[in-house]
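Every read-out reported here was derived from the displayed coordinates using simple, explicitly stated rules and does not represent laboratory data. Computed from a predicted model, the values in this text were never measured in an experiment. Methodologically, a virtual Cβ is constructed for each residue, glycine included, from the backbone with ideal geometry; neighbour enumeration extends over all protein chains shown.
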Amino acid sequence: MTQRNPPPSAVGSVEERTDKPAILACTKTVIDSHHHFWWTGRHTYTWPAPVGDRLARDFTPENLRPELERCGIKGTVLIQVLHEVGGETEESLDLCREVNFVRGVVGWLPLVDPDATSDALRRLRSRGKLVGVRHLISNEPDPRSCVAGTGAGPLHS
């Protein structure tokens with residue numbers, strides 16, 4: 001069996017290689033682009049059955065902060081968990097103003113209802129750092145309805 005070695009450019013020169021893991025000094029700001037917070041006393045969350053009860057506890061900025069510091073991550077993008085208008089996305093935008101490492105929020109919008117989406121988008125954008133939206137079609141009774149051609153056109157705010 002022939003063993004192939006990666007090209008030298010992929011692993012550095014022979015003089016640079018060691019048996020110790022390399023720790024790279026990063027001169028760029030590192031942002032965690034996807035994380036969640038949840039408070040079980042504020043909202044009802046349901047998790048996939050294989051998760052069991054491992055997530056049945058609060059997960060707050062104070063839980064995440066030490067991990068970010070340990071890893072040298074300077075900021076995050078907070079992604080909403082719940083799929084509902086009102087409540088969690090607004091709370092996340094408020095939190096973005098209070099927690100220095102949360103740089104932006106991806107919130108939920110009812111993308112199957114273009115008029116409601118436009119209204120919510122206008123309202124949420126004025127509230128804070130809304131950097132994206134999502135709507136998990138897996139939570140819809142008929143996920144195909146979200147991708148079917150409705151002719152609704154683009155959303156405007």
Open item on the list: Looking at region 58-67, can you tell me whether even one residue there is within 19 Å of Ser33 (Cβ to Cβ) and of a type in the set (Val, Ile, Thr)?
Closed with: no
Open item on the list: Looking only at region 40-54, filter to residues that are part of a loop (DSSP other than H, G, I, E, B) and free of Cβ contacts under 8 Å to residues at least 12 places away in the same chain; which one of those is nearest to Cys96 (Cα to Cα)?
Closed with: Thr44
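Could you tell me whether any residue of region 76-94 is farther than 21 Å from His135 by Cα, surrounded by 13 or more Cβ atoms within 10 Å (Cβ to Cβ) and not basic (Lys, Arg)? Give the derivation first.
Taking region 76-94 first, the residues farther than 21 Å from His135 by Cα are none.
The answer is no; no qualifying residue exists.
Identify all residues within region 115-130 that are out of contact with any helix residue (DSSP H, G or I) (no Cβ under 7 Å at 6 or more places or on another chain) and surrounded by 16 or more Cβ atoms within 10 Å (Cβ to Cβ); write none if there are none.
Those that are out of contact with any helix residue (DSSP H, G or I) (no Cβ under 7 Å at 6 or more places or on another chain) and surrounded by 16 or more Cβ atoms within 10 Å (Cβ to Cβ): Thr117, Ala120, Leu121.
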- [ ] Using the structure shown, decide if Arg57 is outside any helix (DSSP H, G or I), within 15 Å of the chain's Cα centre (by Cα) and among the basic types (Lys, Arg).
- [x] no
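Mind telling me which of the residues Leu121, Leu68, Leu78, Leu64 ends up being under 22 Å from Thr46 (Cα atoms), hydrophobic (A, V, I, L, M, F, W, C) and out of contact with any strand residue (DSSP E or B) (no Cβ under 6 Å at 6 or more places or on another chain)?
Leu64
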Open item on the list: Given (1) farther than 20 Å from Leu93 by Cα; (2) touching a Phe, Trp or Tyr at 6+ places or on another chain (Cβ under 9 Å), identify the lone condition not met by Val51.
Closed with: (2)
TODO: Test each condition in (1) closer than 18 Å to Leu136 by Cα; (2) surrounded by fewer than 17 Cβ atoms within 10 Å (Cβ to Cβ) for Leu55 and report the one that comes out false.
DONE: (1)
